[in-house]
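Q: To start, I am sharing the structure in question, which I have written as structure tokens.
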Amino acid sequence: MSDPPPRAPIVVLISGRGSNMRSLIERSRDPPAVYEVAAVLADRADAPGLESARALGVPAEAIVPGAPGRGAHEAALAQAIDAHRPALIALAGFMRILSPEFLARYPGRVLNIHPSLLPRYPGLDTHRRVLEAHDAEHGATVHFVTEALDAGPAVLQARIAVQPGDDLEGLSARVLAEEHRIYPLAVRWFCEGRLACRDGRAWLDGEPLAGPVELAAAPGGAT
């Protein structure tokens, strides 16, 4: 019986508790897994996700910005990333905007998960903005990272209905549950060689995506 093919290493960047990071680690252990989380890196020494990663047996360290400035921090971050030779870098609540120079080092190899139906609501406070706008639906988007904030080619989305009486806590929890479903799937597609970013577009199975693939909501989640 032949050994299974080696799994593609990925590096996850976090700033906080890293619930999407945890989801990526857990799904990487579901057979037949095609990727493994080689390391978790944070830009804050007190990021709770560091201990969560270590508890799951994944190497984790903080690369904290210092006095020399952004360039020195990104150089140190790149050095830590490159030590693991990752196929992909997955941002999971990483709250720093990466420079064009940093992204050019990893062309088409950086994914992010964003809690809105992009291009609606890039940036922060998406749940509050959805509620204030009285939107009928909300959701999450996986996209490739480019120089423009939350504007890279979208890959995968999940939508949920905004329910009467929804508050910030309840709405964000339901969106987060969808994030935990779609992010590991997009990472799997990339590591299987099905997903790519070229010519400024996302490609799946050899075809350019006209828009993000939409994943049906989980059972019990209204769409």
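Q: Name the residue that is surrounded by the most Cβ atoms within 10 Å (Cβ to Cβ), counting only residues in region 72-95 that are in contact with a helix residue (DSSP H, G or I) (Cβ under 8 Å, 6 or more places away or on another chain) and not acidic (D, E).
A: A90
Conditions (1) surrounded by 20 or more Cβ atoms within 10 Å (Cβ to Cβ); (2) in contact with a helix residue (DSSP H, G or I) (Cβ under 7 Å, 6 or more places away or on another chain), marked per residue:
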{"position": "D135", "(1), (2)": "no, no"}
{"position": "V142", "(1), (2)": "yes, yes"}
{"position": "E147", "(1), (2)": "no, yes"}
{"position": "A161", "(1), (2)": "no, no"}
{"position": "L168", "(1), (2)": "no, yes"}
{"position": "R181", "(1), (2)": "no, no"}
{"position": "P184", "(1), (2)": "yes, yes"}
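Q: Say whether the condition of being within 25 Å of G193 (Cβ to Cβ) and either at pLDDT below 95 or in contact with a Lys or Arg (Cβ under 9 Å, 6 or more places away or on another chain) (or both) is met by at least one residue in region 37-48.
A: yes
Q: I've got another one for you. Go through (1) assigned to a helix (DSSP H, G or I); (2) among the aliphatic types (A, V, I, L, M); (3) over 27 Å from E74 (Cα atoms) and name the single condition A104 misses.
A: Here A104 meets the rest and fails (3).
Q: Report yes if A33 is surrounded by 15 or more Cβ atoms within 10 Å (Cβ to Cβ), at pLDDT below 95 and among the small types (G, A, S), otherwise no.
A: yes
Q: Could you tell me which of the residues A92, A133, A161 is within 17 Å of the chain's Cα centre (by Cα) and not polar (S, T, N, Q)?
A: A92 is the lone residue from the list that is within 17 Å of the chain's Cα centre (by Cα) and not polar (S, T, N, Q).
Q: If you don't mind, there's one more thing I want to ask. Provide a single number: the residues in region 107-139 that are part of a strand (DSSP E or B), within 15 Å of A90 (Cα to Cα) and either out of contact with any strand residue (DSSP E or B) (no Cβ under 6 Å at 6 or more places or on another chain) or not β-branched (V, I, T) (or both).
A: 3
The values are calculated or read from the model by the stated rules, or taken from the named source; none is laboratory data. Keep in mind that what you see is a predicted model, and the values were worked out from it rather than measured. Glycine gets a Cβ as well: all are built from the backbone with ideal geometry, and neighbour counts include every protein chain shown.
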